[in-house]
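Just so it is clear, none of the values below were taken in a lab; they were calculated from the coordinates. Everything quoted here is computed from the prediction, not taken from an experiment. Counting neighbours? That spans all protein chains shown, and the Cβs are built from the backbone with ideal geometry, glycine included.
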Amino acid sequence: MERKFGAELEMTGITREQAVSALRSVNINVRDEIYNHQTRDYWKIVPDGSVSGGFEVVSPILEGEAGLEQLRIVATALDDMGGSVNRSCGYHVHFDAAGMDVAHIRSIVTRYAAFEAEIDAFMPASRRGSENTFCRSVVALSRNDRFRNATSMSELITVQGGRYFKVNLQSFHRHGTVEFRQHSGTLNAAKAVNWVRFLDAFITESIARVDAPVAAPVRIPALRGVLGQLADLFRQGDVTLDMMVERFGWQPHSARAAVTRLRKAGMVISCRDGNVYTLRAEGQAAPAARQEDSLWAGIADFLRTFYHHRAAVLSAAA
């Protein structure tokens, strides 16, 4: 993965001083600070009023496999020190939104809403639907006409009206990111890293579905006589030189001349092997249709297995 990201681990169980000691022991650059929203080039530990008896560990901007490895080291060190999480803790991930436009952001939110029930299944009950006031559902937002018709990020953010949603757009203006807030608090390295991988792939697929080329209509002008008959023949599929010779009684040069006349009339016709003619959509072949959408489109198989198992365990424990 290449998309930049940042992680926020809410936790309890140990003191902030112990957390600093644990991270420094594994060569993580970390500082204990007062509460702030500043992006640092080091890990910071800050108080968090929403965490019962705990605090928050916030990463610098991370990137690629090296960033995931750093996240893995931090989560493991805090866990080994005796850190823990409770129901009040969350795990938030920010992704760099550089290069994303309104359509991309809307696609991310709309697809998350469409598959929210599936995602809920591999989250604890306290993080499903709108059970948690710090990560409410985005289903209603995705169905809002103002959200659907917005033409700017400011409009999207205004319609959302707050940051305590599973997908938070408010962070766009402050940090240039889209924040995902649904995951429960965790110091499990595999859970922390896999959630970043899952979201990165989900974002990539959401953007790809917006940017996928749309097949332009095949243009067949209204023609009469023999040219009209030839145009109709092209509607049925590829046309060979031999077909035209047999159908219309032309010499090969006359058949090629007829194709040239169709092109001048606006039809986009390509030729291969000097014999097979194909009608194209406005200058290019129609793109292959994307597969039917699903939560797991573009998601690696090992992640699908990981979350299916997680959902099964949570279901059995209910």
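Below is a table of values for the structure above.
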item	result
Tabulated pairs, the range 23-49, first farther than 19 Å from His175 by Cα, second of a type in the set (Val, Ile, Thr) and in a loop (DSSP other than H, G, I, E, B), C-beta under 9 angstrom, 6+ apart or interchain	Pro47/Ile34
Failed condition for Phe122, given (1) in contact (Cβ under 8 Å) with a residue 60 or more places away in the chain; (2) exposed (fewer than 15 other Cβ atoms within 10 Å of the Cβ)	(2)
Test: residue in the range 76-93 that is closer than 30 Å to Arg146 by Cα, of a type in the set (Val, Ile, Thr) and assigned to a strand (DSSP E or B)	yes
Complete set of residues in the range 185-202 that are within 14 Å of Ile119 (Cβ to Cβ), among the aliphatic types (A, V, I, L, M) and buried (at least 19 other Cβ atoms within 10 Å of the Cβ)	Leu199
Count of residues meeting criterion [under 18 Å from the mean Cα position of the chain (by Cα), basic (Lys, Arg) and more than 20 Å from Phe55 (Cβ to Cβ)] in the range 171-208	1
Residue match in the range 171-189 (condition: without any contact (Cβ under 8 Å) to a residue 60 or more places away in the chain and assigned to a helix (DSSP H, G or I))	yes
Residues satisfying the stated conditions in the range 5-61, i.e. among the polar types (S, T, N, Q) and outside any strand (DSSP E or B)	Thr15, Gln18, Ser21, Ser25, Asn27, Asn29, Asn36, Gln38, Thr39, Ser50, Ser52, Ser59
Condition broken by Leu241, with the remaining ones in (1) touching a Gly at 6+ places or on another chain (Cβ under 9 Å); (2) closer than 21 Å to Gly64 by Cα satisfied	(2)
